[in-house]
Number of protein chains: 2
Amino acid sequence: MRLARISTPEGAVHAVADGADWAVVEDVFARPLVRTGERRPQSTTVLLSPVEPRVVLGMSHNSGPADRARPPQAFMKSARTVVGPGDVVHVDPRRGEVRIEGELTLVVRTVCRDVMPDQLADVVLGWTIGNDVTAVDQVLLDPLFTQAKNGDGFTPIGPWIETDLDPHDLSIEVVVDGVRAASSSTAGLAWDAIEAFCYVTAHMTLGPGDVLMTGAPGTSATVRPGATTAISIDGLGTLVGSVD
Amino acid sequence: MRLARISTPEGAVHAVADGADWAVVEDVFARPLVRTGERRPQSTTVLLSPVEPRVVLGMSHNSGPADRARPPQAFMKSARTVVGPGDVVHVDPRRGEVRIEGELTLVVRTVCRDVMPDQLADVVLGWTIGNDVTAVDQVLLDPLFTQAKNGDGFTPIGPWIETDLDPHDLSIEVVVDGVRAASSSTAGLAWDAIEAFCYVTAHMTLGPGDVLMTGAPGTSATVRPGATTAISIDGLGTLVGSVD
């Protein structure tokens with residue numbers, strides 16, 4: 001299934017893709033999904049960030065095989081940094097270089113703790129694209145990452161959630177101003193998406209709508225104000241955005 | 001004014017203290033406050049965490065004058081760790097020593113960024129007590145603090161919010177199992193509450209209900225399962241809790 005959060009005159013609602021339409025659902029985290037009967041044509045519907053997380057996590061140093069020698073480690077971003085497809089990343093020129101990072105992103109369905117791999121089907125809603133925008137020069141000033149990770153619009157996610165996807169070898173492509181700036185695969189992650197998720201839930205409870213960006217295996221690129229960006233992942237489409 | 005979030009048969013609502021009652025308000029972040037007319041006796045009303053933050057921040061290395069030589073630094077905790085007065089901190093024996101930390105805590109009223117000290121009256125809702133529970137042994141394993149700070153119930157806040165309070169020299173007392181375990185004053189913070197808040201908003205947008213725990217100036221104590229805890233701050237009452 002493909003799930004999205006869409007804009008309607010009555011406000012934001014969740015919906016499931018059905019033919020050329022979005023079919024509105026009552027509670028995207030419920031099973032089975034219950035449709036309200038309202039339908040919107042996909043061609044004219046504005047997509048929003050597919051969830052509004054309470055907790056936004058990213059994986060640190062998870063970029064390639066050498067990182068496998070270090071234990072996994074996660075950081076938190078402000079939920080207020082989350083934006084949706086087509087939204088704008090605001091760069092503060094006082095903060096130095098800014099990089100976008102294209103990452104496979106897990107979306108949580110239920111309250112969960114100490115998740116084991118065989119429980120994933122119950123606990124995970126699906127997968128989307130995350131852009132873990134980072135003011136990289138700030139990491140030197142603040143090793144807790146707080147200064148680097150929390151600028152306005154610094155966590156674009158979308159365009160939608162796919163519930164049926166094998167996360168282990170999905171190609172990721174990062175395009176800036178129409179030019180391919182980076183490309184790789186989730187197979188390049190030191191700790192794969194499922195290992196990363198189980199690690200995180202060993203240390204904290206997560207719940208409906210929370211997201212874990214699983215790391216950038218060489219999928220980052222420097223951006224400057226005025227740039228347009230497009231991050232594509234196999235099976236998940238393209239998350240477009242811009243920078244100002 | 002004293003503001004609280006209280007439990008009623010119709011769910012959680014915000015209220016303002018009025019004589020022996022809590023007078024329910026429509027929107028605790030609005031000015032002026034509008035009362036609904038509903039009143040509840042304080043003596044029989046259950047208090048909840050005074051806000052439900054989207055962003056929970058703490059200050060790192062802010063414990064005494066020597067820390068003033070280092071730049072201020074903040075970390076984020078999961079909003080899902082927030083609990084209220086009388087609630088339970090869950091200790092995971094696999095994670096080593098756990099300490100409670102009694103901290104003056106700022107509550108944000110409006111969406112804000114790059115706050116200057118002369119804007120505080122508009123931007124800040126008030127002050128409460130925060131307990132920044134920390135699994136201290138985890139800091140050595142995870143210098144990003146994610147493993148140390150996000151156990152279940154690891155951020156008790158309350159019992160209420162005081163809107164009129166000078167944060168600069170408030171005594172803090174930490175009591176474990178009826179015995180005073182630590183005592184100090186906010187005057188012992190390296191970066192005071194207002195400096196810390198302005199620092200944080202220079203790097204990220206905060207909004208209604210977000211909280212900043214301003215640091216533990218020698219106000220922490222080790223706890224074990226079965227402990228009862230009480231953190232008191234001048235003018236803010238006592239935040240009680242327990243550990244299991």
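In the set (1) over 20 Å from residue A:240 (Cα atoms); (2) in contact (Cβ under 8 Å) with a residue 24 or more places away in the chain, residue A:42 fails one condition alone, (1). For residue B:99, state whether it is under 25 Å from residue A:77 (Cβ atoms) and not hydrophobic (A, V, I, L, M, F, W, C). No, not satisfied.
Residue count for the range B:41-77 under the criterion of being away from chain A (no Cβ under 14 Å) and either assigned to a loop (DSSP other than H, G, I, E, B) or surrounded by 19 or more Cβ atoms within 10 Å (Cβ to Cβ) (or both): the result is 8. Taken as a whole, the range B:137-150 holds no residue that is among the β-branched types (Val, Ile, Thr) and in contact with a Lys or Arg (Cβ under 8 Å, 6 or more places away or on another chain). Residues that are in contact with a helix residue (DSSP H, G or I) (Cβ under 6 Å, 6 or more places away or on another chain) and within 14 Å of chain B (Cβ to nearest Cβ) were ranked within the range A:177-206; the one that is surrounded by the fewest Cβ atoms within 10 Å (Cβ to Cβ) is A:205.
The residues listed here are B:209, B:237; of these, the one that is within 14 Å of the chain's Cα centre (by Cα), crowded, with 17+ Cβ neighbours inside 10 Å, of a type in the set (Gly, Ala, Ser) and within 14 Å of chain A (Cβ to nearest Cβ) is B:209. Return yes when residue B:187 is in contact (Cβ under 8 Å) with a residue 60 or more places away in the chain and either in the same structural domain as residue B:66 (by TED's automatic domain parsing) or of a type in the set (Phe, Trp, Tyr) (or both) and no when it is not. No, not satisfied.
If the condition is being of a type outside the set (A, V, I, L, M) and touching a residue at least 12 places away in the same chain (Cβ under 8 Å), then the range B:119-136 contributes B:122, B:126, B:127, B:128, B:130, B:131, B:132, B:134. Candidates B:110, B:105: the one that is over 12 Å from residue B:130 (Cα atoms) and of a type in the set (Ser, Thr, Tyr) is B:110. Would you confirm, using the coordinates I've provided, whether residue B:225 is more than 14 Å from the chain's Cα centre (by Cα) and at pLDDT 95 or above? So residue B:225 passes the test. In the range A:137-160, the residues that are under 28 Å from residue A:48 (Cβ atoms) reach residues that are among the aromatic types (Phe, Trp, Tyr) with C-beta atoms within less than 6 angstrom, at least six apart or across chains, in these pairs: A:145/A:75. Kindly establish whether residue A:132 is at pLDDT 95 or above, surrounded by 23 or more Cβ atoms within 10 Å (Cβ to Cβ) and not β-branched (Val, Ile, Thr). For residue A:132, the condition - at pLDDT 95 or above, surrounded by 23 or more Cβ atoms within 10 Å (Cβ to Cβ) and not β-branched (Val, Ile, Thr) - is met.
Once the range B:152-172 is narrowed to residues that are within 14 Å of chain A (Cβ to nearest Cβ) and surrounded by fewer than 24 Cβ atoms within 10 Å (Cβ to Cβ), the residue that is farthest from the chain's Cα centre (by Cα) is B:152. Output the residues belonging to the range B:204-244 that are in a strand (DSSP E or B) and of a type in the set (Val, Ile, Thr). Of everything in the range B:204-244, those that are in a strand (DSSP E or B) and of a type in the set (Val, Ile, Thr) turn out to be B:211, B:222, B:223, B:228, B:229, B:231, B:233, B:238, B:240, B:243.
The values are calculated or read from the model by the stated rules, or taken from the named source; none is laboratory data. Just so it is clear, the model here is predicted, and its values are computed rather than measured. So basically every Cβ, Gly included, is an ideal-geometry build from the backbone, and we count neighbours across all protein chains shown.
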